[in-house]
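Each remark here refers to the structure printed beneath this line.
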Amino acid sequence: MNKKVCIIYTGGTIGMVSGEHGYVPSSSALFEAIHSMKDLKKAGMPQIDIVQFDPLLDSSNMSIAEWNKIGEAINERYDQYDGFVILHGTDTMSYSASALAFMLENLDKPVVFTGSQIPLCEIRSDGYNNIVTSVIIASDGIAREVSIYFDGKLIRGCRSTKMSSTHFAAFDSPNCENLAEAGINIEYKKDYCCPQRNGKFRFSPMKEVPVGIIKMFPGIHFQIFESIMTEQLKGVVLETFGAGNIPTSSSGALIPIIDKAYKNGTLVIVCSQCVQGSVSLGAYETSKALIDIGAVSGKDMTTEAAMTKLIYLFSKDLSIDEISLKMTENLCGELT
């Protein structure tokens with residue numbers, strides 16, 4: 001029996017055409033391009049069906065509502081297909097891939113995000129190879145998790161971050177090995193694919209949860225953030241220096257603000273601005289204060305994973321203590 005792969009087209013550069021004010025998504029251009037791909041029609045390739053979102057979006061306009069829409073589209077078709085390919089814009093692909101990694105609980109089929117840096121309608125587009133290889137990976141059934149395929153590399157979705165807006169190698173997972181590398185053959189690291197599962201597949205949608213991200217920088221004026229640290233803010237990701245360090249010489253303004261947020265029920269997660277490495281609260285004196293006020297280490301999670309994990313856990317109506325504990329646990333391969 002031929003395998004079946006569902007392509008879900010959400011928008012993004014890959015299917016865009018030149019418009020009056022720049023590139024815009026086009027449904028017809030994408031369909032025409034895919035139907036003209038001879039490699040997709042060759043023997044051994046899976047049957048392909050295309051689901052198109054309306055409206056098509058530049059990924060800068062992606063939100064929780066669109067993440068849920070992607071998740072529901074997969075949930076409704078889960079038993080009908082061997083794998084899924086999500087065509088998505090690159091700017092927020094790591095956020096979407098991270099969100100889906102959490103929402104698609106106990107996933108046992110490949111869900112491959114891909115896109116392109118150059119539209120399919122343009123010369124030298126990287127979209128052709130990205131689509132063809134993603135379809136093969138989705139049908140192979142080896143990397144049965146949410147991933148991103150770009151420029152010869154298959155990486156874990158909840159470990160990904162966008163590294164370049166100009167190179168074909170747009171994504172990387174600095175704290176995690178690649179799941180596969182596609183050269184002449186697709187070489188899977190089979191022992192590394194597929195996080196542990198604890199039951200049957202289940203789609204767990206996200207709610208509109210107010211969270212925030214604050215990036216540390218030299219000379220930061222912490223008072224400007226005090227107004228957002230209200231009881232309505234459920235969680236905040238602090239992008240700190242190095243292994244979790246914060247400025248402590250700015251009149252001691254940050255710690256009281258975070259302490260107030262914590263007492264209001266806001267969960268504070270500490271991530272690093274460094275692309276590679278891990279948070280180690282207490283390793284330096286400039287991070288010990290965060291431990292004292294109940295901040296939680298994000299370890300080696302990306303900011304994208306930490307933010308989407310927060311939303312996912314708050315959407316489950318867990319207690320603050322339960323969420324704090326689960327933020328330090330590996331749920332789907334997002335941390336070491």
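Which number in (1) open to solvent by 30 Å² or more (accessible area, probe 1.4 Å); (2) at pLDDT 95 or above; (3) of a type in the set (A, V, I, L, M); (4) in contact with a strand residue (DSSP E or B) (Cβ under 9 Å, 6 or more places away or on another chain) marks the one condition that ALA65 misses?
Just one mismatch for ALA65, condition (4).
The rows are residues; the columns are (1) open to solvent by less than 10 Å² (accessible area, probe 1.4 Å); (2) in a loop (DSSP other than H, G, I, E, B); (3) without any contact (Cβ under 8 Å) to a residue 40 or more places away in the chain; (4) within 17 Å of ILE137 (Cβ to Cβ).
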position	(1), (2), (3), (4)
LEU154	yes, no, no, yes
THR166	no, yes, no, no
PRO174	no, yes, no, no
ILE184	no, yes, yes, yes
GLU187	no, no, yes, yes
LYS190	no, yes, no, yes
GLN196	no, yes, yes, no
GLY199	no, yes, no, no
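Residues of the range 261-294 being at pLDDT below 85, closer than 23 Å to ILE224 by Cβ and among the hydrophobic types (A, V, I, L, M, F, W, C), which ones?
Result: ALA261, ALA289, LEU290, ILE293.
Could you tell me whether ALA143 is under 17 Å from ILE70 (Cβ atoms), small (Gly, Ala, Ser), in contact (Cβ under 8 Å) with a residue 12 or more places away in the chain and open to solvent by less than 40 Å² (accessible area, probe 1.4 Å)?
Against the criterion (under 17 Å from ILE70 (Cβ atoms), small (Gly, Ala, Ser), in contact (Cβ under 8 Å) with a residue 12 or more places away in the chain and open to solvent by less than 40 Å² (accessible area, probe 1.4 Å)), ALA143 does not qualify.
I'd like to verify a number: residues in the range 30-60 that are in contact (Cβ under 8 Å) with a residue 40 or more places away in the chain, open to solvent by 40 Å² or more (accessible area, probe 1.4 Å), within 30 Å of TYR312 (Cβ to Cβ) and polar (S, T, N, Q), how many?
The number of residues fulfilling the criteria is 1.
Quickly run through the range 1-19 and pick out the residues that are open to solvent by 40 Å² or more (accessible area, probe 1.4 Å) and either in contact with a helix residue (DSSP H, G or I) (Cβ under 6 Å, 6 or more places away or on another chain) or polar (S, T, N, Q) (or both).
If the condition is that a residue be open to solvent by 40 Å² or more (accessible area, probe 1.4 Å) and either in contact with a helix residue (DSSP H, G or I) (Cβ under 6 Å, 6 or more places away or on another chain) or polar (S, T, N, Q) (or both), then ASN2, LYS3, VAL17, SER18 are the ones that fit.
Pull up the range 203-231, narrow it to residues that are outside any loop (DSSP other than H, G, I, E, B) and within 20 Å of LEU310 (Cβ to Cβ), then point me to the one that is modelled with the lowest pLDDT.
Taking the candidates together, the pick is PHE225.
Any residue at all in the range 131-139 that's in a loop (DSSP other than H, G, I, E, B) and either open to solvent by less than 40 Å² (accessible area, probe 1.4 Å) or modelled with pLDDT under 95 (or both)?
no
Of all residues in the range 300-336, which are on the phi > 0 side of the Ramachandran plot and either among the small types (Gly, Ala, Ser) or touching a helix residue (DSSP H, G or I) at 6+ places or on another chain (Cβ under 9 Å) (or both)?
The answer is GLY333, and nothing else.
Does ILE258 satisfy the condition of being at pLDDT below 80 and buried (at least 16 other Cβ atoms within 10 Å of the Cβ)?
yes
Could you list all residues from the range 114-154 that are closer than 21 Å to THR308 by Cβ and touching a helix residue (DSSP H, G or I) at 6+ places or on another chain (Cβ under 9 Å)?
Result: THR114, GLY115, ALA143, GLU145, VAL146, SER147, ILE148, TYR149, PHE150, LEU154.
May I ask you to verify whether ALA97 is open to solvent by 40 Å² or more (accessible area, probe 1.4 Å), farther than 21 Å from LYS38 by Cα and aliphatic (A, V, I, L, M)?
no
Starting from residues that are out of contact with any strand residue (DSSP E or B) (no Cβ under 8 Å at 6 or more places or on another chain) and buried (at least 24 other Cβ atoms within 10 Å of the Cβ), keep the ones in the range 100-125 and report whichever is farthest from GLY152 (Cα to Cα).
Restricting to residues being out of contact with any strand residue (DSSP E or B) (no Cβ under 8 Å at 6 or more places or on another chain) and buried (at least 24 other Cβ atoms within 10 Å of the Cβ), the top hit is PHE102.
Filter the range 287-332 for residues that are of a type in the set (Gly, Ala, Ser) and surrounded by fewer than 22 Cβ atoms within 10 Å (Cβ to Cβ); which is farthest from THR266 (Cα to Cα)?
ALA289
The values are calculated or read from the model by the stated rules, or taken from the named source; none is laboratory data. Being a predicted model, the structure only gives us computed values, none of them experimental. Because the Cβ atoms are built from the backbone with ideal geometry, glycine has one as well, and the counts that use them run over all protein chains shown. These area figures cover heavy atoms from the full protein model, side chains too; ligands, DNA and RNA do not enter into them. Shrake-Rupley method; radii C 1.70, N 1.55, O 1.52, S 1.80 Å.
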